[in-house]
Structures are given as structure tokens and as C-alpha cells.
Amino acid sequence: MSAKNIFMSVLTGITTGTIMGVILTSKKGVIFRKKIYVKSNQFAEVQLENFNKLLNGFSTKLDKNIKKVIRESEKTNDLSDFTKKEQWPENFKSHTDTRK
């Protein structure tokens, strides 16, 4: 075994022993478990709020971009300009392109 594996095994053992010792003690264990429960619920609520804010930000940006595309398409009302071959770069080849 390498020194890294031995160190990780010892660290894991100490951590597991400490956690088990605190959780399994009678009075202190009940109080400690309750604190863990409360803190974990608070942490989960904060993370859920942050995730919802992130999704709302993405949603807002997406809505703005969709509205912008709709406004631009309403200005032209003709999408045929976007499909003309002259609009594409010279080196672009489509899978349906028959040019050589």
C-alpha cells in the first residue's frame, strides 16, 4: 500500500469513528442530530432558492432573445432571404448541395 492509501484509510477511520461516536451518544446525540437536521434543511432551502434564481435568470434571458427574434422576423416578414445560397460562405457545403 502506498502512503496515500494508508493516510486516506486512517483519515476515513477517524472521521467515521468521530461521527458514529457523536451520533450514538444518548443526550448529546439527540441534540446534535437535531442541529444537523435543522442546518441541512436550511442549507437545502438556500440551495433551492439559488437554483430557482438561476433558472429565472435563464428564463428571462431566453424570453428576451425570443422576443428579439420575433421582432426581427416581423420586420422582414420574408425568410426566403435566409435560404438563398448567395448568403452562405463560399466554402460552405450542405449535405444536399450538388455543387462540386
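FYI, it's all coordinate maths here, none of it is from the lab. None of these values were measured; they are calculated from a predicted model. Cβ sites come from the backbone with ideal geometry, for glycine too, and all protein chains shown count toward neighbours.
In whole Hz, with x marking every Gly and Pro, tabulate ³J(HN,Hα) for region 30-45 from phi via Karplus 6.51 cos²θ - 1.76 cosθ + 1.60, θ = phi - 60°.
With the stated coefficients, region 30-45 comes to 5, 5, 5, 5, 5, 4, 4, 4, 5, 5, 5, 5, 4, 4, 5, 5 Hz.
At 7 Å along the Cα-to-beta-carbon direction for both ALA3 and VAL46, put a label point, then send me their distance in nm to one decimal.
That separation, rounded to one decimal, is 3.7 nm.
Report the extension gain between LEU24 and GLU74 in nm, rounded to one decimal, defined as 0.36 nm multiplied by the number of residues separating them, less their alpha carbon distance. Display every interim value, and only then the final one.
Values: separation 50, 0.36 × 50 = 18.00 nm, distance 6.84 nm.
Separation in residues times 0.36 nm, less the Cα-Cα distance, equals 11.2 nm.
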